[in-house]
Amino acid sequence: MKKKLPDMSAVSFVDEIISDAVKRRASDIHFEMTDDALNVRVRCDGVLSPVGTVGRELGKKAISRIKVMSGMDISEHKRAQDARITACGADIRVLVTPCENGENAFLRILDKRYCKGGAAELGIDGETLEKYKKLKGCEGLILLAGPTGSGKSSTMYSMLGEIYSDASGRVNTVTLEDPVEYTVTGATQITVNLRGGMTFKEASRAVLRLDPDIIAIGEIRDTASAEAAYRSASTGHMTLATVHAKNATSLISRMRDFGIGEARLTDVLRGVVFQRLVKRVCSDCGGSGCDRCGKSGYFGRIGAFGIVTAGENEKMTKERLYAADRELADSLYRLAEKKITTDSEVKRVLWTYLI
């Protein structure tokens, strides 16, 4: 949809952009203001592509429309605001933030399919599947690690759903999230809101009074969330958390930056899942390009995983973490050998994230 829409109303413009993005299975929509225009881009299968440009006046009205849809303060232009909405049948996380030329809006479209399909839908199989099953019985900290857009949250929500189902509902799960992304069956989901006074410290204290079997922390992004994860795991609770880290070395370094040194980390860490998403070869054309895949040769994405676990009386050593790095690389190569993805996709991921 590379066209200008100067005469379209802001309501119709925003609705059409979101509707088109959902149909294209996009994961993100970017509304980016410049000196004289609003640029719109969408990310499909991990690739960010331009959609089109509209004039600045329509662009400002479009940003205001997004803020109204999200229940944001439309008079606030100096600080970031975030929210969650449902539009065009999709759950969407919205962030509006000030920029040099006004305000930009970023929409993350949350795909529930990967959170409810289980390990097979995620792409976990073989020996990796056995390790994944073992993770679900661990007591202590389980980290889901990878860069932005690697599917960490989907894996966490899928695992929580499987554990609840396997236990026939006989587990109490509590999540701390900023913000809540997906609804977890049978879970008490707490939104951490710093401006509202519900900090990670306050929330983590409350969690332990809710008699949880499992505690999930949406993302470790600072000292407070890292301490909350450590405190939960050190009490013996199964604690799941996502963290931005591309490999074993960066995982240890990032947790150290958050105040959790190597000794403390290995004391409570029982499992790590390193993961990436790679583009899947289109099943209709076998990669040659067709209408279904937009001539790209790819349709959808699939996960590659490296999983490592440590028993109750074992330490999660650096050597174990490095083994998960190697397993992730092997997982990528297997996907290429099976023609599920391509050699070029594997090289892209290895070059960008692992080397």
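Computed quantities for the displayed model
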item	result
Matching residues in the stretch 79-100 - criterion: being in a loop (DSSP other than H, G, I, E, B) and closer than 24 Å to Arg25 by Cα	Cys88, Gly89
Qualifying residue in the stretch 106-127 (condition: more than 19 Å from the chain's Cα centre (by Cα) and surrounded by 15 or more Cβ atoms within 10 Å (Cβ to Cβ))	no
Out of Arg264, Arg280, Arg292, sole residue that is under 13 Å from Ile340 (Cβ atoms) and either in contact with a Phe, Trp or Tyr (Cβ under 8 Å, 6 or more places away or on another chain) or outside the structural domain of Leu143 (by TED's automatic domain parsing) (or both)	Arg280
Test for Val243: is it surrounded by fewer than 22 Cβ atoms within 10 Å (Cβ to Cβ), assigned by TED's automatic domain parsing to the domain that holds Leu141 and closer than 24 Å to Lys136 by Cβ	no
Failed item in (1) at pLDDT below 85; (2) in a helix (DSSP H, G or I); (3) crowded, with 20+ Cβ neighbours inside 10 Å, with Glu202 passing the rest	(3)
Failed condition for Arg170, given (1) at pLDDT 85 or above; (2) basic (Lys, Arg); (3) assigned to a helix (DSSP H, G or I)	(3)
Any hit, the stretch 65-78, residues being in contact with a strand residue (DSSP E or B) (Cβ under 8 Å, 6 or more places away or on another chain), among the β-branched types (Val, Ile, Thr), in the same structural domain as Ala37 (by TED's automatic domain parsing) and part of a helix (DSSP H, G or I)	yes
Conditions (1) free of Cβ contacts under 8 Å to residues at least 24 places away in the same chain; (2) within 20 Å of the chain's Cα centre (by Cα); (3) outside any strand (DSSP E or B): number failed by Val22	(1)
Count of the stretch 28-53 residues which are surrounded by fewer than 17 Cβ atoms within 10 Å (Cβ to Cβ) and under 18 Å from Ser296 (Cβ atoms)	5
Out of Arg25, Arg56, Arg79, sole residue that is within 22 Å of Thr148 (Cα to Cα) and surrounded by fewer than 19 Cβ atoms within 10 Å (Cβ to Cβ)	Arg25
Number of positions in the stretch 205-221 that are touching a residue at least 24 places away in the same chain (Cβ under 8 Å) and part of a helix (DSSP H, G or I)	3
Lys134 vs. criteria within 29 Å of Asp325 (Cα to Cα), surrounded by 15 or more Cβ atoms within 10 Å (Cβ to Cβ) and touching a residue at least 12 places away in the same chain (Cβ under 8 Å)	no
Subset of the stretch 286-303 (residues that are hydroxyl-bearing (Ser, Thr, Tyr), over 20 Å from Gly123 (Cα atoms) and touching a strand residue (DSSP E or B) at 6+ places or on another chain (Cβ under 9 Å))	Ser296
Any hit, the stretch 297-318, residues being more than 22 Å from Leu129 (Cβ to Cβ), in a loop (DSSP other than H, G, I, E, B) and among the basic types (Lys, Arg)	yes
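The values are calculated or read from the model by the stated rules, or taken from the named source; none is laboratory data. Predicted model only: the values in this text are computed from it and were never measured. Because the Cβ atoms are built from the backbone with ideal geometry, glycine has one as well, and the counts that use them run over all protein chains shown.
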